[in-house]
Structure formats: structure tokens, C-alpha cells
Amino acid sequence: MNSKPSYEDLEKRIRQLEKEALACRRIESKLKASEKRFRDIAENALEWIWEIDSEGRYIYSSPIVKQILGYDSEEILGKHFYDFFHPEDKEKLKALAFNSFHDHVAFRQFINRNISKDGKTVILSTSGTPLLRKTGELLGYRGADTDVTQQYNALKALQEREENLSSLLDSASGFAIYQLIFDEKAHYSLRVNLVSKSFIEILGIPEPYKFEKWFDFLHPDDVDRIIKANAKAFETRRFNEIYRWYNPERKKWIWIHSISNGGSNHKGWNNYVNGVLIDITEKQDAFEKLTIREKELEGKTRELKQMNTALNILLKKRDQDKIDIEESISANIKQLIFPYLSKIRQRKMNDEQLTLLDIVNSNLNEIANSFTHQLTSKFIGLTPTEIRVADLVRQGQKTKQIAQILCLSQKTIESHRENIRNKLGIKNKKINLRSYLLSIH
């Protein structure tokens with residue numbers, strides 16, 4: 001039989017148990033303090049701190065989840081982590097996550113799209129560490145999520161801009177795009193950051209990324225002007241010049257229109273230059289041809305003006321000659337014909353002969369006074385017969401007398417009188433035809 005423990009043994013055992021109890025209390029106190037520190041950190045951290053079991057269900061969620069996904073912590077507990085994944089990504093991301101579960105490995109910056117309580121898409125960056133038993137059995141994961149929606153969208157927008165820029169650089173035709181970067185140590189020194197493919201096609205430069213070589217291809221007459229404009233652009237951050245450029249590939253001079261704008265950094269130093277080069281050779285050639293044509297037209301215009309002046313002088317001379325001839329004819333009629341008509345009138349004649357003589361005398365007067373010319377010029381539409389009828393009406397002859405003189409019927413003369421009134425614009429007007437004809441000078 002075993003002997004009963006002595007009093008000393010019991011006392012020794014009690015002291016041992018007391019020490020173990022004290023150690024357990026200390027451990028428990030440290031555990032509570034550690035748990036408190038964890039919760040304090042989790043509840044005040046900007047990241048969403050969480051813990052899930054081996055099935056992927058949340059067993060802890062920090063309050064910050066309310067700001068990230070719109071759910072209270074209590075609403076999260078018991079749900080699977082993949083319940084919040086975007087429907088388009090859910091199966092794929094779930095499979096990737098459980099691969100980590102299977103291998104019991106940690107993961108970092110696992111990017112995943114989630115749907116918030118109000119239906120918005122939230123991009124999370126997830127990192128987690130496996131929790132294992134001493135036997136190696138998986139208990140779950142503990143980790144944190146960071147809302148990277150803004151950064152993700154900004155990066156996506158940047159990628160889209162870069163893709164658009166790349167597409168623009170590749171598809172540029174007839175113009176070239178470039179970007180120059182300022183040297184941080186030497187603010188007036190530039191280096192080429194990028195150029196479009198069309199840059200080489202248009203300019204034919206074998207080494208486009210050597211900025212100092214660009215000036216080697218400028219036309220000698222443009223070099224000084226462009227260097228001065230370039231120096232000024234360091235101050236104004238603007239460059240807008242047209243110049244000639246020698247394309248070594250095409251072995252010809254071309255016209256370039258260069259436009260650029262500069263930007264600065266937070267210190268106010270020039271940081272970059274974005275520019276475009278446009279091949280305006282065809283436009284410039286057309287402009288030069290147009291300028292030459294305009295000069296030719298100006299020359300022809302001057303010639304036409306000189307010819308017009310000379311023609312006006314000739315016309316005035318002709319008019320004066322005409323006046324001189326008319327005056328000569330009038331003088332000759334009055335001096336050489338009228339005296340003889342007067343002598344004829346003194347002889348005995350019947351009424352018909354006197355009438356004919358009066359007509360001859362009147363016609364000669366009209367020739368001398370140029371009435372017939374005035375009538376024909378003012379009313380160019382009158383026929384020769386109508387002019388003769390109008391002349392006789394003006395002299396005071398009646399329809400019957402005019403018919404006898406012209407050997408026409410009275411009806412024909414009446415028809416001519418109507419035509420004359422119509423052409424003179426006095427038809428159906430209470431205007432005497434003879435009075436109207438007498439008024440014409």
C-alpha cells in the first residue's frame with residue numbers, strides 16, 4: 001500500500017499549484033491585453049481587419065467595413081468572403097482564394113472587385129495569413145483589406161490615356177508628336193522623351209532622340225530666327241513658328257509648322273514640352289503659287305488700266321472727231337445746199353412739189369441738227385421706216401401726207417405710229433406724239 005502524502009508534501013504541492021495558477025493568470029492577463037491591443041488597432045485602423053474560419057466565413061470584422069462596403073460588422077459575421085465579390089469575378093476569385101486555403105499559404109495584395117451595400121463597385125487589395133493548429137490543421141485566415149478604388153480607377157484612366165496616346169503616336173499622319181523633358185540639373189537643357197512614328201517619316205531624321213541634331217536640318221535662312229524663338233520659349237513656354245527643313249531621306253526642303261506648350265513642376269521650373277510638327281509643304285507651295293499668280297494678276301490689272309486709259313483717250317478723240325465731222329457736214333449743208341433750195345423755192349411749183357421741197361429742206365435741217373442720230377441713239381429699237389415716220393410726224397405731216405410721201409397705205413402708217421408710241425413708252429398715255437418728238441434733244 002502507498003503511504004499517505006505527508007503534510008510537507010501537500011504543502012509543497014499547494015505552493016506548486018499556486019505558482020502555476022499565478023502563471024496562468026499572468027498569461028491570461030497578457031492574452032487579454034494583447035487581444036485589447038489587437039481590437040484597438042483593428043477598430044482604429046483605416047484597413048478593414050477581419051478573420052475567417054477554414055470555410056471562409058467571417059468570425060471577426062472591424063467596424064471600418066461600414067465605411068468601405070456599407071455593412072455593419074454584425075452583418076458581415078457568418079457570411080463568406082466571396083459573397084461580396086463582383087458577379088463577373090466571383091467564381092474565378094473564389095477558386096484562386098481556396099487554392100491558398102488548400103496550400104495553407106499567405107497572400108499579399110490580392111486585387112478583387114466587390115459590390116457594396118448600395119450597389120457600387122469597390123476595389124479591395126486583400127492580404128491574409130493562415131491560422132494553423134500545432135498539428136498543421138487550418139483554422140482560418142486573418143488579414144486586412146484596403147480600399148484601392150480611387151487608385152485603381154486612376155491607374156485605369158492613366159492606362160487608357162497611355163493607350164490613346166500610343167494609338168495617336170502610331171496613327172499620326174501628316175503631323176508628328178513629340179515630348180521634350182528638361183534636365184533637372186540644367187533647366188535650359190532638353191532631351192527627347194518620345195516621338196511618334198510619323199516624326200521620322202516627315203522629317204527623315206536618322207536619330208530623332210538626339211535633340212541637338214534637330215537644328216542641323218534647318219534652312220540656313222531660318223536658323224537664327226528659330227534659335228531666338230526657342231530661347232524665348234523657355235520664358236513664355238510657347239513656341240509657334242514656320243520654317244524650312246531639309247529631309248535627308250526625300251532629299252528636299254519641306255515646310256514645317258511647329259507648335260508646342262511647356263509645363264512646370266511644383267518648384268516653378270520648366271519640366272516638359274509637348275509639341276506637334278505639321279508638314280505644310282503642299283499648303284505653302286500652293287500659297288507661293290497663289291502669291292505669284294496674284295502678282296501676275298496685279299501686273300495684268302495695271303496693263304488693263306493703262307489700256308483702258310488709252311482706250312478712253314481714243315474714245316474721246318473719236319467723239320471729238322465725230323463732232324468735228326458733224327459740224328463740217330452741217331456747215332457744208334448750210335453753205336452749199338440751202339442757198340440752192342432757196343432759189344428753187346422762188347420758181348413756180350404746185351402744192352405737191354412745195355411739200356416735197358419742204359420735206360427735203362426739213363430733212364437737211366435734221367441732218368445738220370443731228371436729230372435723227374439722237375432719235376436712233378435714244379430709241380435704238382425703232383426700225384428705219386419708223387424713224388422716217390417719226391421724222392415726218394415731228395415736221396407736222398399728217399397720216400395721209402406721210403402715206404403719200406412714203407408710198408404706203410394710211411393703215412400701215414397708223415400701225416407704225418402705234419409701234420412708235422409703244423417703243424417710246426407713251427402708249428395709252430394722253431401725250432401728243434409730235435410734241436413728244438419735238439421734246440427730244
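Taking the protein heavy atoms of the range 94-186 in the context of the full set of protein chains, the accessible area attributed to carbon and sulfur is 52 percent at 1.4 Å.
Treating r as the C-beta distance of residue 120 and residue 261 and R0 as 41 Å, the FRET efficiency rounds to 0.65. Label-to-label distance for residue 194 and residue 439 is 8.8 nm, based on points extended 7 Å past Cα in the beta-carbon direction.
Accessible area of residue 412 (1.4 Å probe, protein heavy atoms only, ligands and nucleic acids ignored): about 50 Å². For the cross-link pairs 66/94; 66/117; 156/197; 228/251; 66/120; 92/156, the ones whose C-alpha atoms lie over 18 Å apart are 66/94; 156/197; 228/251; 92/156. Note on surface exposure: 420, 181, 259 rank 259, 181, 420 by accessible area, highest first, 1.4 Å probe.
If we count every other residue with Cβ under 12 angstrom of residue 18's Cβ, Lys/Arg +1 and Asp/Glu -1, where does the sum land? Around residue 18, the surrounding residues sum to +3.
Listed by chain and number, the lysines whose alpha-carbon sits under 29 Å from that of residue 348, ignoring those within fewer than 8 places in the same chain, are 334, 398, 400.
Multiplying the residue separation of residue 213 and residue 251 by 0.36 nm and removing their Cα-Cα distance gives an extension gain of 12.0 nm.
Sketch the reach of a paramagnetic label on residue 111 as a point 7 Å from Cα along Cα-to-Cβ, and name the residues of the range 127-161 whose backbone nitrogen lies under 11 Å away. Hits in the range 127-161 for residue 111 at 11 Å: 148-149, 151-157, 159. Shape analysis of the range 395-441 based on the Cα gyration tensor places the equivalent ellipsoid semi-axes at 20, 13, 8 Å, largest first. Loop-located GluC sites (Glu not before Pro) in the range 39-131 (DSSP state other than H, G, I, E, B) with a sparse environment of at most 15 neighbouring Cβ atoms within 10 Å: 55, 88. Spacing of the modelled spin labels on residue 129 and residue 385, each 7 Å from Cα toward Cβ, amounts to 13.0 nm. The aspartates and glutamates within cross-link reach of residue 12, meaning a Cα-to-Cα straight distance under 13 Å and a gap of 8 or more places when in the same chain, are 20. Label-to-label distance for residue 317 and residue 201 is 6.5 nm, based on points extended 7 Å past Cα in the beta-carbon direction. Residues 316, 343 ordered from highest to lowest accessible area at a 1.4 Å probe: 316, 343.
The values are calculated or read from the model by the stated rules, or taken from the named source; none is laboratory data. In this text the structure is predicted, and so the values were computed from the model without any measurement. As a convention, Cβ positions derive from the backbone with ideal geometry for all residues, glycine included, and neighbour counts pool all protein chains shown. Ligands, DNA and RNA are stripped out before the accessible areas are found, and what is left, the full protein with its side chains, is counted by its heavy atoms. Shrake-Rupley method; radii C 1.70, N 1.55, O 1.52, S 1.80 Å.
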